[in-house]
Amino acid sequence: MGLPRLLGLLALFSAIALTAFLSSLFVLQVYPLTGEGGFTYTRVSGDPVSSITVCLPLSEDGENVFKVPRMSASSAKGEWACEPGASGLDMYPDCWVLSGPPLEPGESLDVRFTMEHVRDIRYEGYPWTVRSDVETKAPVAVYRSYLVTIVAWLEANSQAIATVLGALALTLALAAVVGWAFSRRVPEAYLTGGGEGIAFREGPGAEEGLLGAMGEGERRCERWRYVCLKFFVVDECGGSKKPSEKKAGLLKGSKYREKGAFGDLSEEAARSILRLIEGASRVWAQCCIRLVPCIDEEGKSILKALDPERAPYEEPVEGTVTVPVERKDGGKAYVEAEASYATDLCQFLTSREEGRPRRDLKTKDGRMKGERTLAKFVWKEIDAGQLEGTVLGGHRGEFKEGRRVKGTLEEIIKKAKDVKEREAAEAALEEARKRLPEREGREEVDLLDLFSKAVDSYFARKCVNVFVFGDFEDEAAQGDEAGIAELGGRVIFLDESVVLNRSCGTLAHEVGHVLGLGHRAEDRENLMHPVCGGSKLDEAQCEAANGRLKEKGLCDEKSVRSYLEKALRMAEEFQKRAEELHKKYADEKARRKRIEECERQAKKLEGEAEGLRKKAEKAKRSERLEREIEGKLEKARQLREEMRMLEEVERILRRSEEDVKRIKKELERVGKP
């Protein structure tokens, strides 16, 4: 459902609510809300009485506090007659005359009454006056329900409520009309890839020329800059070995290659990610910055599932590693080796619920404690004379380049000819273990940097890495954090809900950190507010972000060129379609007739889809029905796109020609400073 239609529906509901509210107030005037009450009068002393007068309290404006149209009374001896007295400012009696069997001292009279226009006040604070031969005050009890309280509050605040509902209905209606008029000027087919099944709206003309599909209106940018994004949906450890149909969310339907750490996401998951990129790109268009998918060597968008078990990060030990070997003269010879440590990514993943796959991540300012294991410790190239004069010189054939250091020394210990050789080999092995232990703990690990390095060895390094976890949380963040990014870095962590709910503002916010922008806590409408999630960026922020991209690009030339070439194809196809429609329906009468026909067919298809949807709901789940519904809605959408194009075909044709020229010009500039 489009935003104008949604606003229209909200306006309609507000108008209905206002009408219902005013109608209820009118009904309450005709049929006022009633309540029941009563009190007991006891004759204490004196002669018997057979008649009493009950007077009701009056408000400051002279009206009855208790608006009583009916009253009844009875004693142990029988019923009493209740006659209304004269009325004052309102239509209700100010007093009632009660008469009946004599009431002896010690006997009581039970009085019951019905009152109208019950209000939410403390009636017990208004006692009635009872007059016989003496005058007394009788406290009264009124029995009210929650409905009385609610209605009384509504009546008391009726003017304010009616004003708010009226203003809301009017505002939403105006917003819907403006949105409708605005949206009719842009043919949706062009903005969504012309129905090619590509959710990512990749036509720069749509972003730049046709009323800013990127949210910038008629603005022109002399120079666009790009941020390329690689997406990795983090699977559970060993997830590549499990059936994809049993997975949920973005990982459902993912397929891994044998022994590979990366899998292909389903088309649906890929579309969800591309739509997220599209929405975030619209936000950044105000700064002449586009967000686009990073492209691999095969020209495909890098949107992958990641099995962390198969992608440990291996980090070489800095500097030269040497192993001391005892010389025959008592000195030491140092043999060079190379080593690296591997960090298992699985150790950082958790699960919020028992039995749930471990693909959640909870960090503190993007860091966690972790450990790494010795992955490689091998000899470097050894000079023939390097072991000359050492106790182990007779075993120089064991010291081969690329062979494991510990394995070599353990083999020499087994083959040692004498005690001296064995002791020298054992000493060298012990020294190697001290210098490079099998496991090494670290106080804190920068997980943003670690995960990024783990995938950089497989894919292009210039793009921004975005990792999607089942549930991401950062303890150092304000509120419920859905993402985190390193300031000025090129890595982002996101919660899966950001993609599934298409929270484009969250991705756009984290890209802001990547582009060097800090938080703007003083401006709640700014994109970089830490909590509120606005969408605005000021000139200083745009200048800083573009400066960061100019200084340190975050997109490779191949990805930009692929994006623009695809956009050019889409723009040319759209231009061709506009030309065909313009030629075919040059006559205004024929064009009007075709528009009406499209409207009629689209409504029919939408009605059929709605009927199928109800049928599918009763069947609980039916993939065949869902495909049929989607097919009918797609045809209806195409018909409505054609309607919009026909209504302004001349302007659209002119603008599409301009867009083709603009994209070609931008393609020529790719790779140039």
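The values are calculated or read from the model by the stated rules, or taken from the named source; none is laboratory data. The structure presented is a predicted model; accordingly, all values stated were derived computationally and were not measured. Glycine also receives a Cβ, built like all others from the backbone with ideal geometry; neighbour counts cover every protein chain displayed. Accessible surface is based on the protein model in full, side chains and every heavy atom, while ligands, DNA and RNA are left aside. Shrake-Rupley method; radii C 1.70, N 1.55, O 1.52, S 1.80 Å.
Under 7 Å between Cβ atoms, at least 6 apart or on separate chains: pull out the pairs that start in segment 528-540 with a residue that is touching a residue at least 60 places away in the same chain (Cβ under 8 Å) and surrounded by 15 or more Cβ atoms within 10 Å (Cβ to Cβ) and end on any residue that is outside any loop (DSSP other than H, G, I, E, B) and among the aliphatic types (A, V, I, L, M).
535/283
Where residues in segment 301-311 are more than 14 Å from residue 456 (Cα to Cα) and small (Gly, Ala, Ser), which of them is surrounded by the most Cβ atoms within 10 Å (Cβ to Cβ)?
Once the filter is applied, the top-ranked residue is 305.
Those residues that are assigned to a strand (DSSP E or B), of a type outside the set (Asp, Glu), at pLDDT 85 or above and open to solvent by 20 Å² or more (accessible area, probe 1.4 Å), I need them from segment 31-74; list them, please.
Of everything in segment 31-74, those that are assigned to a strand (DSSP E or B), of a type outside the set (Asp, Glu), at pLDDT 85 or above and open to solvent by 20 Å² or more (accessible area, probe 1.4 Å) turn out to be 40, 42, 50, 51, 53, 58, 67, 69, 70, 71, 72, 74.
Quick one: what pairs do we get from segment 130-152, first residue open to solvent by 60 Å² or more (accessible area, probe 1.4 Å), second modelled with pLDDT of 85 or more and outside any strand (DSSP E or B), C-beta under 8 Å, 6+ apart or different chains?
Close Cβ pairs satisfying both conditions: 133/47; 137/127; 139/127.
Just a yes or no: is a residue in segment 347-358 in a strand (DSSP E or B), closer than 30 Å to residue 486 by Cα and either open to solvent by less than 30 Å² (accessible area, probe 1.4 Å) or at pLDDT below 85 (or both)?
Looking through segment 347-358, at least one residue is in a strand (DSSP E or B), closer than 30 Å to residue 486 by Cα and either open to solvent by less than 30 Å² (accessible area, probe 1.4 Å) or at pLDDT below 85 (or both).
On the basis of being open to solvent by 70 Å² or more (accessible area, probe 1.4 Å) and under 29 Å from residue 314 (Cβ atoms), does residue 383 make the cut?
yes
Among the listed residues 314, 318, 278, 298, identify the single one that is touching a residue at least 12 places away in the same chain (Cβ under 8 Å) and open to solvent by 30 Å² or more (accessible area, probe 1.4 Å).
Of 314, 318, 278, 298, the one residue that is touching a residue at least 12 places away in the same chain (Cβ under 8 Å) and open to solvent by 30 Å² or more (accessible area, probe 1.4 Å) is 314.
What number of residues within segment 590-619 satisfy the criterion of being at pLDDT below 80, more than 15 Å from residue 644 (Cβ to Cβ) and either of a type in the set (D, E, K, R) or open to solvent by 70 Å² or more (accessible area, probe 1.4 Å) (or both)?
Of the residues in that region, 5 qualify.
Conditions (1) modelled with pLDDT of 90 or more; (2) surrounded by fewer than 24 Cβ atoms within 10 Å (Cβ to Cβ), marked per residue:
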residue: 203; (1), (2): no, no
residue: 217; (1), (2): no, yes
residue: 247; (1), (2): no, yes
residue: 256; (1), (2): yes, yes
residue: 262; (1), (2): yes, yes
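Since residue 549 meets every condition but one in (1) within 23 Å of the chain's Cα centre (by Cα); (2) modelled with pLDDT of 85 or more; (3) of a type outside the set (Lys, Arg), which condition does it not meet?
(1)
If residue 522 satisfies every condition in (1) open to solvent by less than 90 Å² (accessible area, probe 1.4 Å); (2) part of a loop (DSSP other than H, G, I, E, B); (3) not basic (Lys, Arg) but one, which is the exception?
Residue 522 satisfies all of (1) open to solvent by less than 90 Å² (accessible area, probe 1.4 Å); (2) part of a loop (DSSP other than H, G, I, E, B); (3) not basic (Lys, Arg) except (1).
Would you pick out the residues in segment 386-405 that are open to solvent by 40 Å² or more (accessible area, probe 1.4 Å) and either among the acidic types (Asp, Glu) or touching a residue at least 12 places away in the same chain (Cβ under 8 Å) (or both)?
Those that are open to solvent by 40 Å² or more (accessible area, probe 1.4 Å) and either among the acidic types (Asp, Glu) or touching a residue at least 12 places away in the same chain (Cβ under 8 Å) (or both): 386, 388, 394, 396, 400, 401, 402, 403, 404.
Please go through segment 84-94 and pick out each residue that is hydroxyl-bearing (Ser, Thr, Tyr) and either modelled with pLDDT of 90 or more or surrounded by 18 or more Cβ atoms within 10 Å (Cβ to Cβ) (or both).
Residue satisfying the conditions is 92 alone.
Looking at 499, 531, which one is closer than 30 Å to residue 237 by Cα and among the hydrophobic types (A, V, I, L, M, F, W, C)?
499
Yes or no: residue 97 assigned to a strand (DSSP E or B), open to solvent by less than 20 Å² (accessible area, probe 1.4 Å) and at pLDDT 90 or above?
Here the answer is no, as residue 97 does not meet what is asked.
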